[in-house]
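The values are calculated or read from the model by the stated rules, or taken from the named source; none is laboratory data. From a predicted model like this one, the values you see are computed outputs, not experimental measurements. All Cβ positions, glycine included, derive from the backbone under ideal geometry; neighbour counts span all protein chains shown. Side chains included, ligands, DNA and RNA excluded: accessible areas come from the protein's heavy atoms. Shrake-Rupley method; radii C 1.70, N 1.55, O 1.52, S 1.80 Å.
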Amino acid sequence: MPAIEPELQALKENLLDMLSLVRNQLTKCKKAIQKKDLSIAEEVIADERKVNVQELAIDRDCESILALYTPVATDLRLVLATLKITNDLERIGDNAKSLARFLKDNLRDIPGTWIEKYNIEAMLDVLTSMLKDMGEALHTADTKLARHTTKHDEQLNKYNREAYKTAAELIKEHPESGKILLTLFSLTRDLERAGDLTKNIAEEIVFHIEAKVMKHKKDQK
Amino acid sequence: MKPIEAKNINVYYGDNHVLKDIDITIKENTVTAFIGPSGCGKSTFLRTLNRMNDYIDSFRKKGKIYIDGKDIYDKKVRVEELRRKVGMVFQKPNPFPKSIFENVAYGLKIHGIKSKYEINDTVEKSLKQAALWNEVKDKLDKPALSLSGGQQQRLCIARTLAVKPSIILMDEPASALDPISTAKIEELIFELKEKYTIVIVTHNMQQASRISDRTAFFYLGELVEYGKTSELFTNPRNKQTENYITGRFG
């Protein structure tokens with residue numbers, strides 16, 4: 001076994017741990033909504049620090065593998081993909097934290113139907129399922145699954161478009177709550193953006209395994 | 001221009017079939033690295049390019065090798081002339097037990113050059129090209145064997161350059177050198193490719209990726225993959241190549 005192998009295995013495991021950590025943040029957001037439990041929202045906020053620590057540790061590992069083992073081909077692509085995936089995951093974690101902060105401050109004061117009308121729980125479901133598939137695709141080197149998952153991003157875009165209409169209607173009905181209703185809309189945009197970031201992760205997995213660059217397809221010559 | 005073109009080369013040492021159907025074209029002013037595990041045939045193929053294998057009794061070859069369009073195994077070819085045109089640098093520096101000056105001048109003298117001015121001028125130019133002049137200019141009459149390993153290897157390169165080759169073959173030229181001497185040889189190779197076509201056999205993957213434009217991967221006597229170094233080391237087409245360069249061979 002080449003000396004780099006255990007390092008790459010550990011890197012992949014740490015990346016999968018970070019992915020689960022972020023996925024759990026999203027699952028916990030949904031749980032906090034369902035149970036109207038502010039302590040769960042607080043957990044999500046606290047978890048963000050763990051995500052950041054994990055990101056820094058993985059960055060250090062990547063730097064050390066590049067410096068000490070000079071990886072090439074698929075090994076090099078794994079390190080490059082990992083650097084980008086951790087960045088995407090950290091931003092998804094930030095989005096989860098923003099939602100958790102909103103829930104902590106407003107969950108008990110706003111009508112439960114608002115969150116439902118903005119499709120926030122449904123968006124969280126799509127995102128957690130996408131991230132679960134990403135973990136599976138990375139673990140089993142399944143690029144078919146990674147590619148298939150990118151299609152779910154469309155669903156998030158659709159929910160976000162609907163949320164725009166919802167925001168317009170609710171603000172008309174409840175102008176006194178305009179600030180909260182706009183914040184809710186901006187949170188759906190965050191979740192839609194998290195979908196884009198998950199799509200980026202899928203593209204990086206395909207790059208690692210097949211050496212194919214999927215991003216900016218139209219701009220590629 | 002295609003300075004080296006090998007067509008359907010098969011080489012045998014007795015019954016041992018060591019090179020199988022090798023087809024390769026090497027462009028001028030490029031550095032081409034031959035990589036592969038020990039015994040894969042890369043050095044044999046390199047030595048076929050200036051007929052160094054002719055000395056081996058059991059050596060047999062089929063196929064054609066053209067250098068600048070001429071079949072180098074044609075009966076009319078003078079081997080000394082071929083080796084002047086296709087110089088070679090070996091793994092272990094092998095200066096003659098003579099002075100630094102004589103080492104570089106040797107090739108010129110055996111090629112019949114007598115003009116002192118021409119010899120002095122060529123020795124200086126060759127040592128400068130080999131990035132050794134500044135280190136030896138004040139001790140040209142000292143024994144070549146008093147130089148360090150890295151300096152001796154650059155002296156051997158200067159000796160090769162003195163007879164004005166167009167192609168330089170290098171068989172693991174830095175494998176016996178420390179990192180600083182290795183870096184000097186690599187820097188030199190990079191500079192020399194402006195004027196020469198260089199083919200290098202190396203076991204050092206990072207060296208191949210650092211200095212070559214194209215890389216050829218040999219395995220069990222076959223040329224498995226040949227392409228741009230930047231592609232071969234990032235996205236090899238062949239699984240065997242990938243396994244070899246990532247150290248997962250066998």
Inset, instruction - Return the carbon/sulfur percentage of the accessible area of the protein assembly as shown, one whole number, probe 1.4 Å, all protein chains in place. - result: 50
Legend entry - Most fluctuating residue given options B:62, B:114, B:193, as computed from a GNM of chain B linking Cα atoms under 10 Å: B:114
Legend entry - Anchor residue B:61: lysines whose Cα lies under 25 Å away (excluding residues fewer than 8 positions away in-chain): B:2, B:7, B:20, B:27, B:42, B:70, B:75, B:76, B:85
Legend entry - Using alpha-carbon coordinates, inclination of helix B:149-162 to the longest axis of chain B, degrees: 90
Inset, instruction - Quick one: work out the % antiparallel among DSSP beta bridges in the protein assembly as shown, nearest 5. - result: 60
Legend entry - Radius 11 Å from Cβ of residue A:141, net charge of other residues (Lys, Arg +1; Asp, Glu -1): -1
Inset, instruction - Would you list which lysines come within 25 Å of residue A:30, measuring only between C-alpha atoms, while excluding same-chain residues fewer than 8 positions from it? - result: A:50, A:97, A:104, A:117, A:132, A:151, A:158, A:165, A:179, A:199
Legend entry - Solvent-accessible ranking of B:159, A:161, largest area first, probe 1.4 Å: A:161, B:159
Inset, instruction - Using a 1.4 Å probe on the heavy atoms of the protein chains only, list every residue of the range B:228-250 that has 30 Å² or more less accessible area in the complete assembly than in its chain alone. - result: B:233, B:234, B:235, B:242, B:246, B:248
Inset, instruction - Apply the Karplus parameterisation 6.51 cos²θ - 1.76 cosθ + 1.60, with θ equal to phi minus 60°, to every residue of the range A:5-21 and state each ³J(HN,Hα) to the nearest whole Hz, in sequence, with x for glycine and proline. - result: 4, x, 5, 5, 4, 5, 4, 5, 5, 5, 5, 5, 5, 5, 4, 5, 4
Legend entry - Angle in degrees between helix B:100-110 and the longest Cα principal axis of chain B, rounded to the nearest 10: 70
Legend entry - Inter-label distance for residue B:240 and residue A:182, nm, one decimal - labels placed 7 Å from Cα along Cα-to-Cβ: 6.7
Legend entry - Interface area, B with A, accessible, probe 1.4 Å, both sides summed, Å² nearest 100: 800
Inset, instruction - Quick one: angle between helix A:120-140 and the longest Cα principal axis of chain A, in degrees between 0 and 90, rounded to 10, please. - result: 10
Inset, instruction - Per DSSP H run of n ≥ 4, the term is -39500 (n - 2.57); total these for chain A, divide by its residue number, and report the mean residue ellipticity at 222 nm rounded to 500 deg cm²/dmol. - result: -29500 deg cm²/dmol
Inset, instruction - Please work out the average accessible area per residue across the protein assembly as shown, using the 1.4 Å probe convention, and give it in Å². - result: 49
Legend entry - Sum of -39500 (n - 2.57) over DSSP H runs of 4+, divided by residues of chain B (222 nm, nearest 500): -10000 deg cm²/dmol
Legend entry - Full-extension gain in nm, residue A:154 to residue A:9, via 0.36 nm per residue minus C-alpha separation: 48.9 nm
Inset, instruction - Treating cross-link reach as a plain straight distance, find the lysines whose alpha-carbon is under 20 Å from the alpha-carbon of residue B:98, omitting any fewer than eight places away in the same chain. - result: B:109, B:114, B:116, B:125, B:128, B:137, B:139, B:142
